[in-house]
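All remarks here apply to the structure that follows.
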Amino acid sequence: MVDASSRLGEAPRLLVARTDRIGDLVLSLPVFASLRRRWPRAHIAALTRSYGRELLEGRADVDQIIAFDAPTAHIPAGEIRRIAGKIRAGRFDAAVVLYSNFTVALTVALGGVPIRIGPATKLAQIFLTHRVTQRRAHGARHEADHNLDLLAPLGVGPVREAIIPVTPAPRRSSNQPVIGVHPGHGGSSRNWPESNWAELIRSLTGAGALVVITGSPAERELAERINRMAGGAAQLYIGERGLMALAAELAAMDVFIASSTGPLHIASATGTPVVGVYCPITVCLPERWGPIGPHDTALRPDVPPCPECVGGRCEYYDCMERVTVEQVRDAALAKVKITAGAS
């Protein structure tokens, strides 16, 4: 692979593109940290969707945000010219496309960025000058490491940490451990059964914890239903004030429990220990999508990985039941030094 770093000075203008989901964006934060460590005087910009930009605003390793509104990771056709114009005006020396699709790679090329780095996959790679071969679908390497691998053409060493600096919200309890439970799910992988979430909440409150069920406005009904199933034992936090308000709430918790979701990664990046409940589908494995904080735990069914869920036709169905309430409870309680025997 051609080394592009020799073409950059001590204050290069760099663009990082990540336009898919919130959890993916959080797992891309190590890229910004790595670039800032390598080039303290660099101008570092992010290309992302508007709904995630709040996580990047005010960061020491992000100087500029170029955002667009879209329901998917693709730049709408009517926005390509505008975004390309902003990129061209930025006079960037290099761009790293972390999640490559045709519209993003095309727009970066139209923006006149001379060094364009990204995965050697899909038709989008024709717009790149440096292509890095990756095997993301195999699920054996973590997404954060795949992202950092794309910095190799720039000769940048990895900083493998995702940090969201935030002032914690006021604690909900001064004498009880506060444990967040997020039963919602974005649909990218299989979730734990609702009855398990409800039983977990009852078990945690029985162990002396204050449980807070979190959810987006669209998940309010789910959160309320699970709380009723749990006997109304929990408090609710419905995130209507934005992602950084959610991050502040998560930062004030002692532990946060969720499946493979954006809030799980946000909590981890604020420094709150998390417990993730994962499924065994290959592209969803915690080996690729698990939290990366130093005190985090990822649990999944003890069954062979599978390419997709075929429901009742599988001899292990429903494998998600193999991750027991006791396992999740004990993993959480161990992080707040509560003995499981208290329940």
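Read-outs throughout are calculated quantities, based only on the coordinates presented, and are distinct from any laboratory measurement. Owing to the predicted nature of the structure, the values given are computational and were not obtained by experimental measurement. Using ideal geometry, Cβ is built from the backbone for each residue, glycine included, and neighbour counts are taken over all protein chains shown.
About its Cα centre, how strong a charge dipole does region 178-342 have in debye, to the nearest 20, once Lys and Arg get +1 and Asp and Glu get -1 at the Cβ? Before the final figure, lay out the partial values.
On the way: 13 positive and 17 negative charges, 36 e Å.
That gives region 178-342 a dipole magnitude of about 180 debye.
Step through the residues of region 168-176 one at a time and calculate ³J(HN,Hα) from phi using the Karplus curve (6.51 cos²θ - 1.76 cosθ + 1.60, θ = phi - 60°), rounding each to whole Hz and writing x for Gly and Pro.
x, 5, x, 5, 7, 8, 8, 10, 10
Provide the net charge surrounding MET253, with neighbours chosen by a C-beta distance below 12 Å and charges set as Lys +1, Arg +1, Asp -1, Glu -1.
Details: positive: ARG171, ARG172, LYS335; negative: GLU249, ASP254.
Counting the neighbours of MET253, the net charge comes to +1.
Please give the contour-minus-distance gain from HIS43 to THR129: 0.36 nm per residue of separation, less the Cα-Cα distance, rounded to one decimal in nm.
Values: separation 86, 0.36 × 86 = 30.96 nm, distance 2.08 nm.
Extending this stretch completely gives an extra 28.9 nm.
Taking the Cα centre as origin and putting +1 on Lys and Arg beta-carbons and -1 on Asp and Glu beta-carbons, what dipole magnitude results for region 5-154, to the nearest 20 debye?
Computed charge dipole of region 5-154: roughly 360 debye.
What's the extension gain from VAL310 to MET244 if we count 0.36 nm per residue and subtract their Cα-Cα distance?
Numbers: separation 66, 0.36 × 66 = 23.76 nm, distance 3.75 nm.
Using 0.36 nm per residue and subtracting the Cα-Cα distance, I get 20.0 nm.
Of THR167, THR214, THR261, which is the most mobile in a GNM of the chain whose springs link Cα atoms less than 10 angstrom apart?
The residue with the greatest mean-square fluctuation here is THR167.
Sum up the charges of everything whose Cβ sits under 13 Å from the Cβ of GLY180, counting Lys and Arg as +1 and Asp and Glu as -1, but leave GLY180 out. Each step should come with its number before you reach the end.
Details: positive: ARG171, ARG172, LYS335; negative: GLU249, ASP254.
Residues near GLY180 contribute +1 overall.
Could you calculate the contour length gain from TYR317 to ARG82, that is, 0.36 nm times the residue separation minus the distance between their Cα atoms, to one decimal place in nm?
79.8 nm
Taking Cα centroids, how far is region 6-36 from region 111-140 in Å?
Each part's Cα centre sits 15 Å from the other's.
Just add up the charged neighbours of GLY112: K/R +1, D/E -1, any other residue whose Cβ is under 9 Å from the Cβ of GLY112.
Details: positive: ARG88, ARG91; negative: none.
Once all neighbours under 9 Å are counted, the net charge is +2.
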